[in-house]
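Notes to accompany the following structure.
Coordinate-derived values only; no laboratory data. Owing to the predicted nature of the structure, the values given are computational and were not obtained by experimental measurement. Every residue, glycine among them, receives a Cβ derived from its backbone with ideal geometry; neighbour counts consider all protein chains shown.
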Amino acid sequence: MTPEQALVEVEMITCIIDGFEVTVPKGTLVIRAAEKLGIQIPRFCDHPLLSPAGACRQCLVDIEINGRAFPKPQASCTIPVETGMIVKTQLTSPVAEKAQKGIMELLLINHPLDCPVCDKGGECPLQNQAMSSGRGESRYEGVKRTFEKPVAISSQVLLDRERCVLCARCTRFSDQIAGDPFITLNERGALQQVGIYEKDPFESYYSGNTVQICPVGALTGASYRFRSRPFDLVSTPSACEHCASGCAMRTDVRRGKTLRRLAGEDAAVNEEWNCDKGRWAFKYISSKERIASPLVRGTDGELHEASWPEALAAAAAGLKGKRVGVLVGGRATVEDAYGYSKFARVALSTNDIDFRARAHSDEETSFLSAVALGLTTTYADIDRADKVVLLGFEPEDESPIVFLRIFKQVRKRSLPVLTVAAFASRGSKKMKATLLPVVAGNEAAVIAGISELTSRSVILVGERLSESVGALSAAKALADSTGAKLAWIPRRAGERGALDVGAISTLLPGGRPVSDPAARVDLAAAWGVDSLPTSSGRTTAQILAAAESKELDAVVIGGVDPLDISAQALGQLLNTFVLSLEISHSAVTAIADVVLPVAAVAEKSGTFLDWEGRARAFDKAIPDSLTRSDVRILSMLADEIGAAINLPTVAATAREIQSLDKWDGATVAFAPVSDGSAPKVSGSEAVLASHRLLLDLGTLQNGEANLAGTARSATANISQGRAATLGVAEGDLVQISTQRGSVTVPAHITEMDDSSVWIPRNSEGSQAIANLGNVSGEVVTVVKA
Amino acid sequence: MAENSLTPRPEDFGLAKAASESVPITDQEPSGFFKQLLGFWVTFQAMFKKPNTVQYPEVKEPTAPRFHGRHQLNRHEDGLEKCIGCELCAWACPADAILVEGANNEEGAQFSPGERYGRVYQINYLRCIFCGLCIEACPTRALTMTNEYELADDQRSKLIFEKEDLLAPLRQGMLMPPHPMYPGSDDGTYYRGEVKGSHPSQETAPHA
């Protein structure tokens, strides 16, 4: 409870349920008050996070207020408790019990006897409650109503209308939580059924939640179809590796193979929801591209399978005594990132380490080392914010649970949202956000113009803001001048943790500045080494440039897609020794000299820090996996090099991180950068803007065709003015080109600056770096194709 | 005896000595001569009976009709598998001897009527106790037991029977799945036994 809420006196009400007195806050529903007493009233439509519907009528109870009884049993999920209320549930009232049995019989009249072929069989509330409050035998002798089945309402979600009990959980979720009312109840009476709008496919990023909350098998996931029964599955609480939202998850494994992932419950973070990427993008673990054993490039120029001692010796030979850079990638867990950080400092004696496998700037380096670590904004701050400002951040695409939290408040109390973006995305429209249209490069000036923020406002800064010169400085200045809460929300799950443990050139673990001799001494003592490298390290781009110019002899790369950084990145690595720690074959392993296979998230334990800095620890979901976490391999490699980092297990690493206190000495100061500006364009030229859609060509989404089927298709977003000049209508193909190449996608006309054009950053047919060589701020040519 | 000295006796608890100790367990005294002769009469009678010994394995006798032998996965009359991969047999199995993995009947790859079929079906006869609970659990009568009892083998791995080992042979009029369902039928008509054989249109492209 927040301090403000605590001050508000909550009126408590006492009522009697089944003869027991219970005191609950005013407004509590009878069904919830009964739960507090441990009395379970059967229900289907009731869900604590959805508004009451009273749709299924299964929770009927007898209610009497001040001696006056309701003439008929009432739905306990819709009635709030009142003083003097006497409730009799099925346990004490024969009337309520008979009513519930009657409802159950009615629900089962048209319910098919599908249990043997239904995915829900074994974990089905209808099955369970039919056992607890239903009849043993059916009295119905008529013909059951049938529908065509199953209907694919999207490539991920299948609908079986015969099984539906019309609880409206899915439609309420879509409407109230996700804001995607693509699914609704059609028709009336016995023919009432869940349906989708014919013109709009069910393209919600959150559709998997409807499968999870469906109390029967009406909505099932295409990927989990007929795969397993609940008694086959071994469930492990887990954390999501796909973004920095930090969802609690549950991973269900059958015989060493992940079969499904479900949203876990964490009221402070993801409540009970997650996004479809987190739910369904796990097949990359079992892809054919997985690397099974270490690989060493032989004299013939080909990679050959090698034993671990051989490969470690080859890797050590390439790194020992050399000038080495380390690229960590944004997917590392805290423990792994710590391993990279310590490995770079102790075994390689360098500060050339960076976790940013994306566009970045020196301004961002300064922002991260001076500002980002000290930020304390949380989800709860969004809940009580008076205004949310989004800078270089599309929550629905880049941190879906942040979107759900903002949307919740927008729906509940019309929370004003301000977004500085090239155009109003679907997420922005759902949040009814005020758009400050910006041409990529001009962000700083637009941010400086934002006013009317208070100390309760929240400024959410995305990692993309670093692509615009001066924008992070402007965001910091805005927060400083208004007292608003600032948050930095990276896209990848590992970035916040990597920053914490110093997988960046300017910081050592615990926020110790590299430039501070006291901090270095403090850490050297903790690590038991004589000294730590003093020279300031290189950023990702500088490491790659130094590799190309042979200022570095070798690069250690963990889980980086070079096309996330720049078009030249891969080419820059060709002349150096490359050690790649990867789960699957990739562009980097194709050029690497030594490849060491590492464990994917399901196969290891570890911790992610979400954007708030909240630890999201998870355990191995596949217990008998033989793959090892990065940190363990780095520790073996350090031994081989002869400079031990002593991190033999993830648990030992976590203990060591715990034992290192946060740095309480002086921190580096933020070096603001003056405003940049967008390039001037004329004629068919435009300034490029882009962001990654949630579902795109990301490598962690490999192998899941059903998920890819709901990805939003690529469009080139242009303004009305530009569309008129080009003579294109909505949906006409336009070509966006630079000297490097071009992208040809349908045009989408929307409200945006005339000089701007937006494309998705890494979607099918539109890969900004691969096709155009840049992600934003570049002058491109837009013509009708 | 040693065990007896460990078991507490009533007097150990300060109770009276049980009467049972003083009473003999049997009242057998040496039988009289005629009684003994009566006993040998039974033995003597057997000498004139037909012997029950069967010279197995040279001679094999049929089992009782409801003997619990090796399982069989049955087929519908047109050859489609009755098993829908529901795993209820695996669920019912007290010895955890059955492994089933279901899968989706795709267009062009229909193995059983309806949406679902058993892609993987294994019974581990090292574990099976032939209790028959799986047969009771089966909702489509796909799984029944044959009278075959000769299940010994020389390797443990040979005693895990796969689906192809358990499936009933194709009888007259049956087609090897996958093939489409009988025209105009659904899983209900199959279940009610209304499909009596295969239809020429079910013959799909010849298998390689």
Loop-resident sites, segment A:198-254, for trypsin sites (Lys or Arg not before Pro), counting at most 15 other Cβ within 10 Å (DSSP):
A:K199
Give me the extension gain from A:E764 to A:E9: residue separation times 0.36 nm, minus the current Cα-Cα distance, reported in nm with one decimal.
266.4 nm
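Give me the extension gain from A:R68 to A:R225: residue separation times 0.36 nm, minus the current Cα-Cα distance, reported in nm with one decimal.
Difference between extended and current length: 51.5 nm.
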Between exposed chymotrypsin sites (Phe, Trp or Tyr not before Pro) in chain A, where DSSP calls loop and at most 13 other Cβ atoms lie within 10 Å, what's the longest gap?
A:198-785
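Grab the other residues whose beta carbon is less than 13 angstrom from that of A:S361, score K and R as +1, D and E as -1, and report the net.
Taking every other residue near A:S361 into account, the sum is -4.
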Determine, from the Cβ-Cβ distance of A:S287 and A:T146 and an R0 of 56 Å, the FRET efficiency 1/(1 + (r/R0)^6), rounded to the nearest 0.05.
0.90
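Name the trypsin sites (Lys or Arg not before Pro) in segment B:29-62 that are in a loop by DSSP and that have at most 11 other C-beta atoms within 10 Å, would you?
B:K49, B:K60
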Tail weight of P(r) past 25 Å, computed on alpha-carbon pairs of segment A:1-130, percent:
31 percent
Please compute the net charge surrounding A:L499, taking Lys and Arg as +1 and Asp and Glu as -1 over other residues with Cβ under 12 Å from its Cβ.
-2
Rough spin-label spacing in nm, given labels placed 7 Å along Cα→Cβ, for A:A617 and A:A666:
3.6 nm
Inter-chain Cβ neighbour average for residues A:217-226, partner chain, 10 Å
2
Taking the dipole about the Cα centre of segment B:104-148, with the C-beta of Lys and Arg at +1 and of Asp and Glu at -1, give me whichever of B:C138, B:C128, B:P113 is farthest to the positive side.
B:C128
Calculate one ³J(HN,Hα) per residue across segment A:270-282 by plugging θ = phi - 60° into the Karplus curve 6.51 cos²θ - 1.76 cosθ + 1.60, and present them in order as whole Hz with x for glycine and proline.
9, 6, 10, 10, 8, 9, 5, 5, x, 6, 10, 8, 9
Going fewest to most other Cβ atoms within 10 Å around each Cβ, A:T667, A:T299, B:T144 line up as A:T299, B:T144, A:T667
What list do you get for A:C59, B:C86 if you sort them by fewest beta carbons within 10 Å?
B:C86, A:C59
Return the FRET efficiency for the residue pair B:D154, A:W308: r is the Cβ-Cβ distance, R0 is 30 Å, and the value is rounded to the nearest 0.05.
0.20
Pairwise label distance in nanometres, A:E751 with B:V42, each label 7 Å out on the Cα-Cβ vector:
10.2 nm
Name the long-range amide H neighbours of A:I557: under 5 Å, sequence gap of 5 or more, or other chain; modelled H, no Pro or chain starts.
A:L327, A:L579, A:S580, A:L581
Counting other chain Cβ atoms within 10 Å of each Cβ in A:109-117 and taking the mean gives 4
Among the GluC sites (Glu not before Pro) within segment A:395-460, which fall in a DSSP loop and have no more than 16 other Cβ atoms within 10 Å of their own Cβ?
A:E452
Counting Lys and Arg as +1 and Asp and Glu as -1, what is the net charge of the other residues whose Cβ lies under 14 Å from the Cβ of B:G173?
0
Identify, among A:A602, A:V779, A:N762, the residue whose Cα sits farthest towards the positive end of the charge dipole of chain A, taking +1 on the Cβ of Lys and Arg and -1 on the Cβ of Asp and Glu, with the dipole about the Cα centre.
A:A602
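With a 10 Å Cβ neighbour count serving as the proxy for reagent exposure, in which order, fewest first, do A:C167, B:C89 appear?
Listed from fewest to most nearby Cβ atoms, that is B:C89, A:C167.
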Run the quick spin-label model on B:M145 and B:E194: label points 7 Å from Cα toward the beta carbon, then report their separation in nm to one decimal.
3.4 nm
Under a point-charge model restricted to the Cβ atoms of Lys and Arg (+1) and Asp and Glu (-1), what is the dipole moment magnitude of chain A relative to its Cα centre, in debye to the nearest 20?
1800 debye
Looking only at the protein assembly as shown, where both bridge partners belong to it, what percent of the DSSP beta bridges are antiparallel (to the nearest 5)?
65 percent
Averaged over its residues, how many other protein chain Cβ atoms are within 10 Å of peptide A:422-430's Cβ atoms?
0
I need the phi-derived Karplus couplings for segment A:539-550: 6.51 cos²θ - 1.76 cosθ + 1.60, θ = phi - 60°, integer Hz, Gly and Pro marked x.
8, 3, 4, 5, 4, 5, 5, 5, 5, 5, 8, 6
Where the centre of each part is set by its Cα atoms, how far does segment A:407-475 sit from segment A:504-554, in angstrom?
34 Å
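Mean 1/r over all different Cα pairs, inverted: what Kirkwood radius does chain A give, in Å? Don't skip to the answer; put the middle values down first.
Numbers: mean 1/r = 0.0353 Å⁻¹.
When all Cα pairs of chain A are included, the Kirkwood radius is 28.3 Å.
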Could you sort A:689-697, A:256-264 so that the peptide with the highest average Cβ count within 10 Å comes first and the rest follow in order?
A:689-697, A:256-264
Long-range Cα-Cα pairs in segment A:256-381 (distance over 19 Å), rounded percent:
72 percent
Kirkwood Rh, angstrom, segment A:623-719 [1 / mean 1/r, Cα pairs]:
20.2 Å
